[in-house]
Amino acid sequence: MTRSMTPHTMSLTRDLAFPVETVFKAWSDPAAKAQWFTGPPDWDSDPHELDFRVGGHERSSGGPKGQPRHIMSAVFHDIVPPEGGPEDTVARIISSFTMHVGDTLLTASLMTLEFTTTATGSRLDLTEQLAFLDGCDHIADREAGTNGLLDMLEAWLNRQ
């Protein structure tokens, strides 16, 4: 097998009509995150695991029926809960994670989420530094998938 690595940095921003505290809780509360951080509805999924603390882990696993599982496994390195006044609240989450399909490691990443107050709610800045491994450099698919997760977050927040 030929070994290769393709680096990529993805930066996404979402303006959300919710305060920083609400958006941060959607990422940090295990019950809340399990409701929106999911695969497609027709996938078999394992229960979402979230130990939200520095050094804690997160795991999500699922896939099409009869196919290998897509597995995300993360570790939290830095957590700054919402702080500041109502007009200048900031928060941050930094984690590293891997993505596998079955036994095949596809990517290793460092992700930073920054939450800041805006006039209409909050802004979420997501930066992910990725290493796509051994020809699994599906950059457009990964960006579409991450945008899809942010769509699911926003839809979930709107239902609350």
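The values are calculated or read from the model by the stated rules, or taken from the named source; none is laboratory data. Owing to the predicted nature of the structure, the values given are computational and were not obtained by experimental measurement. When we count neighbours, we look across all protein chains shown, and the Cβ atoms used for this are built from the backbone with ideal geometry, even at glycine.
Assorted remarks:
- Which numbered condition Ile94 misses (of (1) over 25 Å from Leu157 (Cβ atoms); (2) in contact with a Leu (Cβ under 8 Å, 6 or more places away or on another chain)): (1)
- The single residue among Thr2, Thr9, Thr38 that is closer than 30 Å to Thr120 by Cβ and assigned to a loop (DSSP other than H, G, I, E, B) turns out to be Thr38.
- Between Ala144, Ala155, Ala131, the distinction of being small (Gly, Ala, Ser) and in a strand (DSSP E or B) belongs to Ala131 only.
- Leading residue by the ranking (surrounded by the fewest Cβ atoms within 10 Å (Cβ to Cβ)) among those in segment 63-89 that are in a strand (DSSP E or B), of a type outside the set (D, E, K, R) and over 15 Å from the mean Cα position of the chain (by Cα): Val80
Yes/no per residue for (1) closer than 25 Å to Leu130 by Cα; (2) of a type in the set (A, V, I, L, M); (3) touching a Leu at 6+ places or on another chain (Cβ under 7 Å):
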{"position": "Phe24", "(1), (2), (3)": "yes, no, no"}
{"position": "Lys33", "(1), (2), (3)": "yes, no, yes"}
{"position": "Asp42", "(1), (2), (3)": "no, no, no"}
{"position": "Ser45", "(1), (2), (3)": "yes, no, no"}
{"position": "Glu49", "(1), (2), (3)": "yes, no, no"}
{"position": "Arg59", "(1), (2), (3)": "yes, no, no"}
{"position": "Ile71", "(1), (2), (3)": "yes, yes, no"}
{"position": "Ala74", "(1), (2), (3)": "yes, yes, no"}
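- Test: residue in segment 90-97 that is under 26 Å from Asp44 (Cα atoms), of a type outside the set (Gly, Ala, Ser) and assigned to a strand (DSSP E or B): yes
- Any hit, segment 43-59, residues being modelled with pLDDT of 95 or more, among the aliphatic types (A, V, I, L, M), farther than 21 Å from Ala144 by Cβ and not in a strand (DSSP E or B): yes
- Candidate set: segment 104-142, residues that are acidic (Asp, Glu) and modelled with pLDDT of 95 or more; chosen: the one nearest to Val80 (Cα to Cα): Glu114
- If you go through segment 12-24 and pick out every residue that is among the hydroxyl-bearing types (Ser, Thr, Tyr) and either over 10 Å from Leu124 (Cβ atoms) or without any contact (Cβ under 8 Å) to a residue 60 or more places away in the chain (or both), you end up with 1.
- Of all the listed residues (Ala131, Ala144, Ala155), the sole one being farther than 17 Å from Ala91 by Cα, in contact (Cβ under 8 Å) with a residue 12 or more places away in the chain, surrounded by fewer than 13 Cβ atoms within 10 Å (Cβ to Cβ) and of a type outside the set (Val, Ile, Thr) is Ala155.
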